[in-house]
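The numbers here are math on the coordinates, done by the rules we state, and not lab data. Since this is a predicted model, take the numbers as computed values, not measurements. Please note: Cβ atoms are built from the backbone with ideal geometry, for glycine as well, and neighbour counts cover all protein chains shown.
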Amino acid sequence: MQAIVRREAAAFGAEVERDVFGTTVATIRGSAGRLITFVAHADQVGFFVRGADENGLLTIARASRWKPEGAWRQRVRIGTADGELRGVVTGEWGTRGPTWESMRVDIGAATGEEALSLVCPGDPIVLAGAPEELLNGRVISAALDDRAGVYASLEALRRLAARPAAWDVAVLVSTQEESGSYPGATTAVHRTSPDVAIVVEVTYASGVPGVPAWGDVRLGGGPAIARIPVISPLVSAGLISTAKAEGIPFSVETGSETWSDADGLSMAGDGIACGMVSIPLRYMHSAGEIAHLADIEAASSLIEAYARSLTADSSFLR
């Protein structure tokens with residue numbers, strides 16, 4: 001994933017850096033001497049190989065914050081030193097549903113010895129779900145959280161490279177966002193010191209039974225702009241004003257925290273003025289996440305237009 005980002009960003013002339021966490025920062029220079037950074041994450045939910053039982057089934061350890069129901073009976077990809085293996089998640093479904101401790105991954109091995117000749121403890125496991133087009137401009141895939149945000153950010157940077165804004169603009173593609181500690185993004189901004197950061201994420205689409213949305217956030221209705229305590233109200237207001245001026249459809253979502261890199265970025269260094277633009281997503285943290293292509297394009301257009309709206313004397317002091 002990061003190799004693709006670096007290749008594409010270099011192709012349109014961005015300055016490309018990487019670090020010890022595997023985070024990528026791609027920058028296009030303006031003339032104002034100030035920096036806005038679009039932040040999206042490359043990692044996806046998953047788990048690790050812990051060992052194998054006598055029947056050749058892999059035992060696992062959760063690697064990120066998500067519910068085990070999302071992994072139940074799903075096909076998976078296992079990254080090993082010798083290449084990728086495929087398997088399926090199995091295990092016991094108790095009265096309260098599955099638990100991470102009870103689940104196993106079946107790779108077809110007949111014994112634990114055979115399984116451990118193919119994998120090692122700590123090998124990463126992620127859900128397998130190739131992208132496909134659906135009806136009405138919708139797409140389905142694993143890892144749209146947050147590949148959709150990465151694409152929207154990189155496409156905005158590509159357009160800004162063709163016609164630069166006054167501010168420097170960077171795309172920061174972080175790692176380990178799903179861990180909940182946000183080390184990829186927070187360490188990177190210590191080096192780059194942006195004046196403003198816009199986290200480009202996905203959010204729960206409303207209109208799906210059993211899913212608590214944070215607002216009237218619908219597929220095809222444009223991105224959601226966050227108004228949440230760690231988000232700068234000045235940045236949120238600027239994003240809303242830009243969306244209205246550009247005729248970009250949007251919704252507003254709210255909650256107590258963002259559950260994203262913004263929670264770490266807002267407190268990095270002396271504090272960063274953060275905004276968050278999120279693409280509506282159905283069935284988050286599954287192998288069949290669904291997004292609308294028009295929402296991805298609208299998110300990209302919004303952050304591009306917002307970056308262009310900033311001037312040398314734009315202030316985010318409160």
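On alpha carbon coordinates alone, what is the Rg over Rh value for the range 97-182, Rh being the Kirkwood radius? Walk me through the numbers on the way to the answer.
Details: Rg = 19.8 Å, Rh = 17.5 Å.
Rg/Rh for the range 97-182 comes to 1.13.
Let me have the 222 nm mean residue ellipticity of the chain computed from DSSP H runs of 4+ only, each contributing -39500 (n - 2.57), with the sum over all residues rounded to the nearest 500. Numbers along the way, then the final one.
Numbers: 7 runs with 81 residues, N = 318.
Result for the chain: -8000 deg cm²/dmol, rounded to the nearest 500.
Using the Cβ atoms and a cut-off under 13 Å, what net charge is assigned to the surroundings of M267, where Lys and Arg are +1 and Asp and Glu are -1? List each step's numbers first, then the result.
Working: positive: none; negative: E257, D261, D263, D270.
Computed value for this residue: -4.
How would H190, H285, H292, H41 line up from fewest to most surrounding beta-carbon atoms within 10 angstrom? The partial results should precede the final answer.
Values: H190 9, H285 21, H292 24, H41 27.
Placing the least packed residue first, the sequence is H190, H285, H292, H41.
Within the chain, what's the longest stretch lacking GluC sites (Glu not before Pro) that sit in DSSP loops with no more than 13 other Cβ atoms inside 10 Å? Can you show the working numbers first?
On the way: sites that count: E54, E92, E101, E257.
Between exposed loop sites, the widest span is 102-256.
Taking the chain on its own, what percent of its Cα-Cα pair distances exceed 28 Å? Please list the in-between numbers first.
Values: 20636 of 50403 pairs.
Counting pairs separated by more than 28 Å, the tail of P(r) holds 41 percent.
Hull surface divided by four, with the convex hull built on the Cα atoms of the range 156-283: how many nm²?
Working: hull surface 33.8 nm².
For the range 156-283, averaging the hull's shadow over all directions gives 8.4 nm².
Quick one: Karplus J couplings for the range 134-139, per residue in order, coefficients 6.51, -1.76, 1.60, θ = phi - 60°, nearest Hz, x for Gly and Pro?
10, 5, 6, x, 9, 10
Under a 10 Å cutoff between Cα atoms, tell me which one of V25, V196, V211 has the largest fluctuation in the Gaussian network model of the chain.
Highest fluctuation among the options: V211.
At a threshold of 8 angstrom on Cα-Cα distance, excluding pairs fewer than six apart, so keeping six or more, what relative contact order does the range 219-314 reach in percent?
Normalised by residue count, the contact order of the range 219-314 is 39 percent.
Filter the trypsin sites (Lys or Arg not before Pro) in the range 80-151 to those in DSSP coil with at most 16 other Cβ atoms within 10 Å of their Cβ, and list the result. Walk me through the numbers on the way to the answer.
Working: sites: R86, R96, R104, R138, R147; in loops: R96.
Those satisfying the criteria are R96.
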